[in-house]
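Just below is one structure, and these are the notes that go with it.
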Amino acid sequence: MRYQAQEYLTEPARPTSELWRLALGLVLVAACYLALGYSYFAMLTEVVTPAEWPAFAREIDLGSSARGMLAILASFGLIILSLVLVLMQVHHRNVSTLFGHGWHFSMQGLRVGTALTGLAAILWLMPEPDLLTPFHNIDYLRWLALLPLSLPLLMIQVSAEELLFRGYIQSQLAARFQNPLIWLFVPSLVFGALHYDTQTAGANAWALALSATLFGLAAADLTARAGTLAPAIALHFFINFTSLIYVAPGNLNYGLALYTYPFELSDTSLRAVWLPYDLMILLVAWLAARLSLRR
């Protein structure tokens, strides 16, 4: 009964709900993304001189500069383009069907966005644990000057992931299976697994994967309750703004961050502090989003 609104996203998926279509669609999305990505990064080589490219490539790999982070965020637009092509050819549906009804999408996005903005203001006023006191990373004026670029590109990034996991995969699985545990957990587990990165997180890779999986479940729950992607996109934007634009880890994706934490993702000594802190913020943000949808 709580997930009746999921039907608004599930109904357009029913005519082509075969599992082979979903599997083929995911393979083609990955293939299109890789092909478009090759062209995208080939284009970036024309932006800088050959002598500058190795440094720029490393900045993109680590997200260690503003231009590197902007390039990373912009690349997620290729996922949206890939989804558009695959939905048309494999499922004979428009990408707009992944968002939900336009009016409800706008109203729910406004409600959840307002609630999470208020939560962000409260968190900003609250002191963080002493061990998580961040360092200043970017000059305030430069950070503000970058916002007209970083915010729209961040919206592209979070929208691409929500369209793929909560819009596409969740709706296709919901059209095939009645049990919510399948279409809530499967996309979330895949989302979490894709965040498992021992190269940058070392022994903390499982913690990042767990955090991403729980976020996926929160976003999936909001999507199923709302019948649109707006609440999940708003929650994702809130989480990624705080972790990429406001304060980031000290060794990865900090090129646009106003502050950086005094530790690296692979540092296990502070895991007992930052992991519960992050999960607490996710829990409170999810509850704030749910309460705003009830109004």
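The values are calculated or read from the model by the stated rules, or taken from the named source; none is laboratory data. Since this is a predicted model, take the numbers as computed values, not measurements. Counting neighbours? That spans all protein chains shown, and the Cβs are built from the backbone with ideal geometry, glycine included.
Which condition number in (1) at pLDDT 95 or above; (2) surrounded by fewer than 19 Cβ atoms within 10 Å (Cβ to Cβ); (3) in contact with a strand residue (DSSP E or B) (Cβ under 6 Å, 6 or more places away or on another chain) is the one that VAL284 fails?
(3)
If I ask for residues that are in contact with a Pro (Cβ under 7 Å, 6 or more places away or on another chain) and assigned to a helix (DSSP H, G or I), which ones from the range 250-283 would you list?
Within the range 250-283, VAL273, TYR277 meet the criteria.
Determine whether the range 267-284 contains at least one residue that is within 21 Å of ARG58 (Cα to Cα) and either basic (Lys, Arg) or in contact with a Phe, Trp or Tyr (Cβ under 8 Å, 6 or more places away or on another chain) (or both).
no
Going through the range 66-107 one residue at a time, which ones are under 14 Å from ALA230 (Cβ atoms) and either among the small types (Gly, Ala, Ser) or touching a helix residue (DSSP H, G or I) at 6+ places or on another chain (Cβ under 7 Å) (or both)?
Correct list: SER96, LEU98, PHE99, GLY100, HIS101, GLY102, PHE105, SER106.
Go through the range 170-184 and give me each residue that's under 18 Å from ALA212 (Cα atoms), touching a Leu at 6+ places or on another chain (Cβ under 9 Å) and surrounded by fewer than 22 Cβ atoms within 10 Å (Cβ to Cβ).
If we filter the range 170-184 for residues that are under 18 Å from ALA212 (Cα atoms), which is where we start, we get 170, 181-184.
Then drop every residue that is not touching a Leu at 6+ places or on another chain (Cβ under 9 Å), which leaves 170, 182-184.
Listed by number, the list holds a single entry, ILE182.
Which of the residues that make up the range 123-142 are surrounded by fewer than 13 Cβ atoms within 10 Å (Cβ to Cβ) and among the polar types (S, T, N, Q)? Explain how you work it out, then say what you get.
Start the filter on the range 123-142 by keeping residues that are surrounded by fewer than 13 Cβ atoms within 10 Å (Cβ to Cβ), which leaves 124-127, 129-130, 133, 135-136, 139-142.
Residue satisfying the conditions is THR133 alone.
Name the one entry in ALA120, ALA145 that is under 24 Å from VAL273 (Cβ atoms), small (Gly, Ala, Ser) and either surrounded by 19 or more Cβ atoms within 10 Å (Cβ to Cβ) or out of contact with any Cys (no Cβ under 7 Å at 6 or more places or on another chain) (or both).
ALA120
Among the listed residues ARG58, ARG14, ARG2, ARG21, identify the single one that is in contact (Cβ under 8 Å) with a residue 60 or more places away in the chain and farther than 18 Å from TYR168 by Cβ.
The conditions single out ARG2.
So in the range 216-249, with the set limited to residues that are touching a residue at least 24 places away in the same chain (Cβ under 8 Å), part of a loop (DSSP other than H, G, I, E, B) and not β-branched (Val, Ile, Thr), which one is farthest from ILE169 (Cα to Cα)?
Among them, the one singled out is GLY227.
Got a sec? Which of SER106, SER150 is small (Gly, Ala, Ser), under 16 Å from THR242 (Cβ atoms) and either outside any helix (DSSP H, G or I) or touching a residue at least 24 places away in the same chain (Cβ under 8 Å) (or both)?
SER150
I need the full set of residues from the range 191-209 which are of a type in the set (A, V, I, L, M, F, W, C), free of Cβ contacts under 8 Å to residues at least 40 places away in the same chain and surrounded by fewer than 16 Cβ atoms within 10 Å (Cβ to Cβ), in order please. It would help to see each step written out before you state the result.
To start, the set of residues in the range 191-209 that are of a type in the set (A, V, I, L, M, F, W, C) comprises 191, 193-194, 201, 203, 205-209.
Subsequent filtering for residues that are free of Cβ contacts under 8 Å to residues at least 40 places away in the same chain retains 191, 193-194, 205-206, 209.
Residues satisfying the conditions are ALA193, LEU194, TRP206.
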